[in-house]
Amino acid sequence: MKIPIAETFHSPQGEATWAGTPMFFIRLAGCCVGSLNTYLPRLSTGRPTWQCKTWDGRAFACDTDFNKQFDTDETTLLAEAREAHVCITGGEPLAHAACVRVLEETFADAGRRVHIETSGTILYIRSRPDTWITCAPKEWCLATMLHDADEIKLLVDERFDPQTLPLPIIRHKNVWLQPINYEKEVNMKNLQRCLALLEQYPQWRLSTQLHKFINVR
């Protein structure tokens, strides 16, 4: 299958439940959430910042360059993977749902655990029971995707209001607070907001984006 790739890289997972776990990351190109915004600062690649929106409509500058760099196939990607865990991310990877399905089955058949990171705005039913789905809900997120997710990451800035969270998030057993950060460093004010929220909601946990603290990809 022709699979559009923004980048692939090897790195410890920096977020939520699997933080510290070595993974092979496959970033599929493109995103269908938010809109292109040409305000500065630009990304380190020189690309204009993409404006995204959280589940409750809060606009923020996405710190990811998901522009396509090349096309490849699942066999080539499998040959690149040395890790037991493979993370399919974006952008919004489920904009290429057929590619995700092929990758999920290819890597699962090879004995790898597949992780899918999504905004929850596109319906996707995992084909393998061990596939791990992370939902960082964006505007128009589907309730079904929230219910089915193994973990939920809530992006926090000064406008985050836990009182407006929908029931599928309130009732979920694995919710992480993640500060909205800069491209290559942590926004300490948003981190402090997360810590304050954990005093009110001790059943939630903190996702720190570890890779930005230790300065790896």
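Each reported figure results from applying straightforward, stated rules to the coordinates on display, with no laboratory input. All figures in this text were calculated on a predicted structure; none of them were measured in a lab. Because the Cβ atoms are built from the backbone with ideal geometry, glycine has one as well, and the counts that use them run over all protein chains shown.
Numbers for the structure displayed
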read-out	value
Point-to-point label distance, A19-T75, nm (Cα→Cβ direction, 7 Å offset)	4.0
Prolate/oblate/rounded label for segment 28-157 (Cα gyration tensor, a/c 1.5)	oblate
Residues with amide H under 5 Å from that of Q69, placed H, sequence gap 5 or more	I5, A6
Nearby aspartates and glutamates by direct alpha-carbon distance to K153 (threshold 18 angstrom, same-chain neighbours under 8 apart not counted)	E15, D56, D63, E92, E117, E139, D161, E183, E199
Alpha-carbon gyration tensor eigenvalues x 5, square-rooted, for segment 97-217, Å	27, 18, 12
Low-density loop positions, trypsin sites (Lys or Arg not before Pro), segment 96-173 - DSSP coil, at most 15 other Cβ in 10 Å	R159, R171, K173
Dipole magnitude (debye, nearest 20) for the chain, charges at Cβ of Lys, Arg, Asp, Glu	300
On Cα atoms only, tilt of 188-200 relative to the major axis of the chain in degrees	70
Candidates G111, G90, G20, ranked by Gaussian network fluctuation over the chain, Cα under 10 Å, top entry	G111
Relative contact order of segment 3-213, defined on C-alpha pairs under 8 angstrom at six or more residues apart (%)	19
Built amide H within the under 5 Å cut-off of K153, gap 5+	C135, A136, W176
Cβ-derived FRET efficiency at R0 25 Å, F9 paired with D130, nearest 0.05	0.65
DSSP bridge pairs, the chain: antiparallel proportion in percent, nearest 5	45
Whole-Å distance, taken between Cα centres, linking segment 11-25 and segment 149-217	16
Simple label model, 7 Å out from Cα along Cβ direction - M1 to E105, nm	0.8
Candidates A149, A29, A97, ranked by Gaussian network fluctuation over the chain, Cα under 10 Å, top entry	A97
Selection from T72, T17, L195, by position along the positive dipole direction of segment 3-213 (Cβ)	L195
The chain: most fluctuating residue of E139, E83, E158 per GNM, C-alpha cutoff 10 Å	E158
